Structure formats: structure tokens, C-alpha cells
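Here the structure comes first, spelled out in C-alpha cells, and everything after it is commentary.
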């Protein structure tokens, strides 16, 4: 798992003031790469693919986190962009590469829950939702499911 976001390993986003200055920051307990890896592992397990995917190193995804962040000035926004590569040489399935991009926004431009009044939990929930959407898109790829089942 490579994190090329250009931010600290735990940085996820910020609630910002009217001039874009960070008022409250949102950080993950572990490195963002570990958070993404855990979400993918949970998605594989929920689909019954965890044992198959974990048996061969070549069947594990190679993922580059190009973007995963969330911000709030007035509206809340969360974005993720993953470059995902799976290779299955033992099954004859070649390299499968896919870009997974998901964006979500919530709230209104006219709000009283912004700036110093805003809490990070709603922003954290939005970031989690965009991560789950990206994991679902990745793992629901029919070619990936076929390769993992082989």
C-alpha cells in the first residue's frame, strides 16, 4: 500500500474557516494506508473472498492512494482516488488495473454547523462513506471476482 497524497500519514482533512485556515483537523488513529487496507480486508471477508485472496501474494492488491481527504468550509466534502492493481499469474489471469474514484458532499452552503461550531464526527462519517464506496466498487468488479474465485 503506497500513500502518495503528500500529507502526513495520519492526516485526513480539516474543518476550515472562511479564509481556508484549518480550525480543526481530522486524523486517523493509524496510518491512512492501514485504514484503507483494513477496509479492503473487511470487504473481502464480507464477500467470502478473504481466504482466497490471502493465500497467494500475487493475488493481493497493490494499491496506491492518490487522494483520500475530507474538508469542510460550509459544505462537507470527501474524496478518494485509488490506483488498484491485482495480478493472478497462478490462475492465468493477467494484471487487472483500475482507478477507483469516489466523491461525496453533504450539507448546505447556508449552515450554522460550520467553522468553529462544526464537529469532526460528521466529516469523519462522510470520509468513511466515501472509503466504503471505493472498496465496494473495487471488490464488486466482475473480473476481480472471477480471478479470485479461480
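All of the numbers you see were taken from the coordinates with simple rules; none came from a lab. Only a predicted model underlies this, so the values are computations on that prediction, with no experimental measurement involved. No Cβ is skipped: glycine too gets one built from the backbone with ideal geometry, and neighbour counts run over all protein chains shown.
Tabulated values for the structure
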item	result
Inter-probe distance in nm under a simple model that places probes 7 Å from Cα toward Cβ, at residue 67 and residue 98	2.0 nm
Distance in nm between pseudo-label sites at residue 106 and residue 140 (7 Å out along the Cβ direction from Cα)	1.9 nm
Nearest-0.05 FRET efficiency for residue 47 and residue 4, computed from C-beta distance (R0 25 Å)	0.40
Residue-span extension gain [residue 27 to residue 122] - 0.36 nm each, minus C-alpha spacing	32.8 nm
